[in-house]
1. Name the helices (complete DSSP H segments) of the chain with a Cα length along the long axis of 15 Å or more and a Kyte-Doolittle mean of at least -0.5, or state none.
2. Among 231-239, 93-101, what's the highest-first ranking by average C-beta atoms within 10 angstrom per residue?
3. Sort the following peptides by mean Cβ neighbour count (other Cβ atoms within 10 Å, averaged over residues), highest first: 81-87, 42-48, 253-259, 309-315.
4. So how far, in whole Å, is the C-alpha centre of the stretch 38-58 from the one of the stretch 184-236?
5. Pairs 314/355; 330/355; 193/330; 240/314; 240/330: which are spaced more than 32 Å apart, C-alpha to C-alpha?
6. Would you list, by chain and number, the lysines whose Cα falls below 21 Å from the Cα of residue 243, excluding same-chain residues fewer than 8 positions away?
7. Consider all pairwise Cα distances in the stretch 1-129 and report the whole-number % of them above 21 Å.
8. Quick one: dipole size for the stretch 216-358, taken about the Cα centre, charges +1 on Lys/Arg Cβ and -1 on Asp/Glu Cβ, in debye to the nearest 20.
Amino acid sequence: MEAHMNLLHDVGIQTTHWLQQRFQGSQDWFLFISYAADLRNAFFVLFPIWFHFSEAVGIRLIWVAVIGDWLNLVFKWILFGERPYWWVLDTDYYGNSSAPEIQQFPLTCETGPGSPSGHAMGAAGVYYVMVTALLSLALAPTWPPVPHRVLWMVLWIGFWAVQVCVCMSRVFIAAHFPHQVIAGVFSGMAVAKTFHHVRCIYHASFHRYLGITIFLFSFTLGFYLLLWTFGVDLLWTLEKAQKWCSNPEWVHIDTTPFASLLRNLGILFGLGLALNSHLYQESSRLTQGQQLPFFRLGCIAASLLILHVFDAFKPPSHVQLLFYALSFCKSAAVPLATVGLIPYCLAQLLATQHKKAA
């Protein structure tokens, strides 16, 4: 088994080496793709746009991203996947012969296990939600008269083009092996396809959101502690990253497994709190039955602006527990602002303007 994995890893290293040599002048493009495929952009950019365009799609996007990334963490802890940037320096596979030279980048040194790729899984899940949503909307009578088959081809070609770019990016920067990004793409699509048929998420109570948040955290912590009692350290990759990363400043605490867990759970908890809040209910009441495209555009613009400013806040990383707690709170504030606070303020402003006009 180990020999087969070493051979698979060697093929991945050769692929990374070839990409870095063949596309040496494209590293800025690959770094941009890796940055753009981060789930943070799904929360801070795509979610505000989709929620105010179609609430159901926005809600499904959050569930697919959060549950998909949680499953990604569980899979990583089960599969113990290596990452190219440390494996090539840590392995004795090459013996006396020289190992291929692999370049590292600012986004290379992620600290969790490598299989499956979280970027590929997240991008596949999120973009699958968006493509299927656009195809469903195309059947509506208000949609421009574009042939459905043409739109279907354009959207799915675009979907696969994005996935290929994300996979190549992750392999190019030596963050993942090819088999890890391929597994990530199909896992993400499976999660998104599953949630396409789950209807209960659109009317879930706050208690259900709270219960699922607690369950996901308890299961993950319990799984970690259970294996820890048997001498299995699921955070074994932290030492690898710190040892083999060529620049210590590229090793960030926000790439650790528990950082991503708390960040995602904060988003889910905040969404449940926002959807069941007085602010959301009141803004929905004030705009009920009205076609207000400018109101929706105003909510999108205000959300993107405020969340961009808010994202600039970086929790202090010198105390891990404080970092995790603040990351959870910061994430919870994203849907609270997008779903509750901003629409409520704009709806109140709109209602005041209508009263003055009357």
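The values are calculated or read from the model by the stated rules, or taken from the named source; none is laboratory data. Small disclaimer: the values here were computed from a predicted structure and weren't measured. Backbone-built Cβ (ideal geometry, glycine too); neighbour counts: all protein chains shown. Accessible surface is based on the protein model in full, side chains and every heavy atom, while ligands, DNA and RNA are left aside. Shrake-Rupley method; radii C 1.70, N 1.55, O 1.52, S 1.80 Å.
1. Those that clear 15 Å and a mean of -0.5 are 55-79, 118-137, 148-172, 178-195, 206-229, 257-275, 293-311, 320-335, 342-357.
2. 231-239, 93-101
3. For the peptides 81-87, 42-48, 253-259, 309-315, the packing ranking is 81-87, 42-48, 253-259, 309-315.
4. 20 Å
5. 314/355; 330/355
6. 76
7. Across the stretch 1-129, Cα pairs with separations above 21 Å total 51 percent.
8. Computed charge dipole of the stretch 216-358: roughly 500 debye.
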